[in-house]
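Below: one structure, written as structure tokens.
The values are calculated or read from the model by the stated rules, or taken from the named source; none is laboratory data. Just so you know, these numbers come straight off a predicted model, no measurement behind them. FYI the Cβ positions are ideal-geometry reconstructions off the backbone, even for glycines, and counts take in every protein chain you see. These area figures cover heavy atoms from the full protein model, side chains too; ligands, DNA and RNA do not enter into them. Shrake-Rupley method; radii C 1.70, N 1.55, O 1.52, S 1.80 Å.
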Amino acid sequence: MFRISQFMQEITAPTPVGPRRNPPGPVVIWNLIRRCNLTCKHCYSISADTEFAGELSLAEVATVMDDLKAFRVPVLILSGGEPLLRPDIFDIAQRAKAQGFYVALSSNGTLIDEGNIERIAECDFNYVGVSLDGLGATHDKFRRLDGAFDKSLHGIRLCRELDLKIGVRYTMTQDNAQDLPGLLKLIEDEGIDRFYFSHLNYAGRGNKNRKDDAQHQLTRWAMDLLFDTCLDYQQRGLHKEFTTGNNDADGAYFLHWVRRRFPASAEHIAAKLVQWGGNASGVNVANIDNLGNVHPDTMWWHHTLGNVRERPFSQIWSDLSDPLLAGLKQHPRAVEGRCAGCAHLARCNGNTRVRAQQLTGNPWAEDPGCYLSDEEIAA
């Protein structure tokens with residue numbers, strides 16, 4: 001995850017540069033249930049509105065949670081499917097809060113209503129994230145449900161009214177990019193605390209015509225818009241968090257943006273990006289799916305490291321006998337192609353790796369999702 005707002009603040013209020021440090025344990029994104037009331041186009045868990053057999057029981061969840069706490073995991077992101085469809089979701093959330101985790105709820109927002117908002121507030125979630133794929137009809141088309149946008153926005157407003165920290169997650173494609181400016185305006189108009197921009201984790205694009213590639217050009221436009229909007233909010237004294245995910249080339253692209261706009265700050269930003277260290281899949285980010293399978297992150301569901309019913313998460317995450325996990329934990333990673341010669345490898349860490357694996361079968365090949373030109377990766 002690249003925290004745009006944090007790095008933007010470094011321009012006007014720089015902090016000392018320190019060594020790169022990993023947190024004591026990884027952030028765990030926990031898909032507690034696969035069932036969902038929606039069938040979204042870009043769902044990584046391929047959820048549906050049906051029961052999925054073999055999911056962890058409440059007792060098993062509690063056992064895993066105890067191990068995560070002992071392993072010094074700081075953050076639990078409770079996800080799905082739609083986690084609000086799990087009957088014991090509030091019991092799980094309250095237990096996690098009682099153990100001292102930072103607890104986030106990742107929802108599509110359509111099920112947040114007057115009937116459960118008090119229960120949600122009682123859980124005292126540190127953060128509630130709701131997915132929006134655009135405005136109105138665009139969102140409804142992606143979510144394949146008429147009225148989904150209005151329901152999600154209603155849920156967002158209910159959370160805001162009870163002073164819950166609320167954020168919007170957005171995955172950009174060529175079919176919804178036109179709504180990005182409007183979404184950013186919605187963030188301000190609705191008093192939403194955070195905007196998370198997720199790159200589409202596609203795997204079918206290589207290194208041809210990178211400068212003219214439509215998807216890459218669209219990505220560059222979106223990032224410029226996010227940087228400019230974040231800067232504008234900061235200059236106006238509006239506290240909004242802007243973050244991106246699934247493409248750690250964002251850090252290097254931000255450095256080039258700083259070199260153009262704030263050249264006096266470029267050296268400091270370059271050093272802070274090295275301190276950040278780039279992609280953290282398999283290191284500072286982990287995923288447990290609804291069946292208890294452990295993955296390097298949510299985009300690696302096709303690669304299982306182990307199952308928490310058979311071994312504790314702490315043992316699975318520390319076992320470097322799995323070549324992929326060992327390679328992900330290596331710093332710098334043994335990446336190939338243009339990634340190997342990139343001047344920003346220490347800042348990007350080779351990006352998500354899953355795109356390269358899906359396209360070529362080699363997780364260490366160059367990332368086809370990198371939208372920087374050859375000139376930009378050279379300096």
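Laid out as a table, the results:
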| item | result |
| --- | --- |
| Net charge contributed by nearby residues that have their C-beta within less than 11 Å of Ala148 (K/R +1, D/E -1) | 0 |
| Value of D in µm² per second that Stokes-Einstein yields for the chain, Kirkwood Rh from Cα pairs, at 37 °C (0.692 mPa s) | 154 |
| Accessible-area composition of the range 1-150, carbon plus sulfur, in percent [1.4 Å probe] | 52 |
| Dipole of the range 169-318, positive direction: furthest Cα of Trp276, Leu226, Asn176, with charges on the beta-carbon | Trp276 |
| Accessible surface of the range 324-379, 1.4 Å probe, proportion on carbon and sulfur as whole % | 54 |
| 3J(HN,Hα) from dihedral phi, the range 283-291, Karplus parametrisation 6.51/-1.76/1.60, rounded to Hz, x for glycine, proline | 10, 9, 10, 9, 9, 10, 8, 5, 9 |
| Förster radius 35 Å - calculated FRET efficiency between Asp319 and Ala378 (Cβ-Cβ, nearest 0.05) | 0.40 |
| Spin-label zone in the range 256-292 - amide nitrogen under 17 Å from a point set 7 Å from the Cα of Arg72 along the C-beta vector | 283-286 |
| In nm, spacing of pseudo-spin labels at Thr12 and Asp124 (7 Å Cα→C-beta vector) | 3.3 |
| The range 165-204, accessible surface, carbon-and-sulfur percent (1.4 angstrom probe) | 46 |
| Separation in nanometres of the label points that stand 7 Å from Cα toward Cβ, at Ala264 and Gln235 | 1.5 |
| Listed residues Asn287, Asn351, Asn22, most fluctuating in the chain (Gaussian network, C-alpha, under 10 Å) | Asn22 |
| Mean ellipticity per residue at 222 nm, deg cm²/dmol - from DSSP H runs of n ≥ 4 across the chain, formula -39500 (n - 2.57) | -11000 deg cm²/dmol |
| Sparsely packed trypsin sites (Lys or Arg not before Pro) within the range 77-155, loop by DSSP, other Cβ within 10 Å at most 13 | Arg144 |
| Lys pairs, the chain - Cα-Cα below 17 angstrom, 8 or more residues apart or on other chains | 6 |
| Length-normalised contact order of the chain in % [C-alpha pairs under 8 Å, at least 6 apart] | 20 |
| Per residue accessible area of the range 213-323, 1.4 Å probe, in Å² | 37 |
| Percent RCO, i.e. relative contact order, over the range 79-207, from Cα pairs under 8 Å lying at least 6 residues apart | 22 |
| For the range 285-337: Kirkwood Rh in Å [reciprocal of mean 1/r, alpha carbons] | 11.5 |
| Shape metrics for the range 119-208, restricted to C-alpha atoms - Rg then Dmax, Å | 14.4, 52 |
